[in-house]
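Colleague: Take this structure, written in structure tokens, and hold onto it; I'll ask about it next.
Computed from the coordinates by the stated procedures, all read-outs in this text should not be read as laboratory data. Computed from a prediction, not measured in an experiment: that's the story for all the values here. Because the Cβ atoms are built from the backbone with ideal geometry, glycine has one as well, and the counts that use them run over all protein chains shown.
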Amino acid sequence: MRQVFFHTRPAHGYVEPSVSETASVVAEIDALLANKEDEIVPTMYAFTRARGLVEAAYGEVDRLRVIRKQFGVPAIFPKPIATTDDRGGIRVSWRAENKQVRANFGADAQLRSYVYFESPLAHGVEPLDAEHLAGRFAWLTER
Amino acid sequence: LADGALGHNPDPAAIRELLPDDYLLRALTKKAWLEDLHEAFLLRADETGLSVCFDCAPEECIAVLDLRRLHGVASLTVGGVTGLRLTVTADEPHHALIEGIPHKEEDAATAERLASQLAEIATIVDRARRERPTAD
């Protein structure tokens, strides 16, 4: 069954439309590289992976939105929060009501990268790639 | 140590026993943690436990924890922490460690879940940015 990307109830912490969403998440990640206060500057490995993979996953969200707009469904997506870990890895999290998705980009290839998801009913870890991240975006915003 | 017990007090004369209703204060050293509180409950690579202070006011945490800057303080009870089968060990008169949390490199699912659960039982009690004056 195809999962769709939408949330029908606008609320604080949500942004729209999709162009600003992508710009927003990219700006959050870029700000980390600009020596954001309190944050360790991320490694280029983590930065490159985070930027590329999150953009790819948002691209998948946009692709499905085209399909959705055919049915006139409004598009809203949770605003992300980006931070770094103590080794220069990047963490980006999204929250929608009682669900959360966190992408952990390890500082280098030897450190773990994963997608963590959580709801009142389930939680777990999945491999971090565009497919899994986009899938969790669908899960995050499904009704 | 993840047995839900209170840790052994190394010097009972100087460090009092912690009780389930006692409040622990966790310093929020990143501004982003005010919005994403679970991030405050993930272990750093060089940590064996989460540093917390007790028997002190939020504005005293920066000195007790020897921090340069913080953006707020979250409060949680000892009983809430041990209820998650974690251990709270007081090692100084105003300092304790929450132990039993795995590093995300070792067990990401458990580390993330515990971070969420600790954030759920915690309340941000202070949102003031505080800095310690530099020596010079």
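Colleague: What aspartates and glutamates could a cross-link reach from B:Lys30, if we take a straight Cα to Cα line under 14 Å and drop same-chain neighbours fewer than 8 places away?
Modeller: Straight-distance partners of B:Lys30: A:Glu37, A:Asp38, A:Glu39, A:Asp85, A:Asp86, B:Glu39, B:Asp126, B:Glu131.
Colleague: Considering the Cα trace of chain B, what is its radius of gyration and what is Dmax, both in angstroms?
Modeller: Taking only Cα atoms of chain B, I get Rg and Dmax of 14.2, 45 Å.
Colleague: Taking a point 7 angstrom from the Cα of B:Glu120 along the C-beta vector, which residues in segment B:75-97 have backbone N less than 18 Å away?
Modeller: Output list for this probe position: B:75-87.
Colleague: Just to verify a number: FRET efficiency for B:Arg127 and A:Glu142, C-beta to C-beta distance, R0 = 41 Å, to 0.05? Each step should come with its number before you reach the end.
Modeller: Details: r = 33 Å, r/R0 = 0.81.
The calculated FRET efficiency here is 0.80.
Colleague: Report the calculated FRET efficiency for B:Arg85 and B:Glu106 (r = Cβ-Cβ distance, R0 = 22 Å), to the nearest 0.05.
Modeller: So, using R0 = 22 Å, E works out to roughly 0.85.
Colleague: Only loop residues by DSSP count here, and only those with at most 16 other Cβ atoms within 10 Å; note down the trypsin sites (Lys or Arg not before Pro) in segment B:57-136 that meet that. Don't jump to the answer; show the numbers that get you there.
Modeller: Details: sites: B:Arg68, B:Arg69, B:Arg85, B:Lys104, B:Arg113, B:Arg127, B:Arg129, B:Arg130; in loops: B:Arg68, B:Arg85, B:Lys104, B:Arg127, B:Arg129.
When the trypsin sites (Lys or Arg not before Pro) of segment B:57-136 are filtered for loop state and at most 16 Cβ neighbours within 10 Å, B:Arg68, B:Arg85, B:Arg127, B:Arg129 remain.
Colleague: Let me ask something additional. Rg/Rh for segment A:87-131 to two decimals, with Rh computed the Kirkwood way over all alpha-carbon pairs. List each step's numbers first, then the result.
Modeller: Values: Rg = 11.2 Å, Rh = 11.1 Å.
Dividing the radius of gyration by the Kirkwood radius yields 1.01.
Colleague: Which whole-Hz ³J(HN,Hα) couplings does segment B:78-93 yield from phi under the Karplus relation 6.51 cos²θ - 1.76 cosθ + 1.60, θ = phi - 60°, glycine and proline marked x?
Modeller: Karplus values, whole Hz, x for Gly and Pro: 4, x, x, 6, 5, x, 8, 6, 9, 10, 10, 10, 7, 10, 8, x.
Colleague: For A:Ala27 and B:Ala45, FRET efficiency with R0 = 41 Å and r from the beta-carbon atoms, rounded to 0.05?
Modeller: After rounding, the FRET efficiency stands at 0.90.
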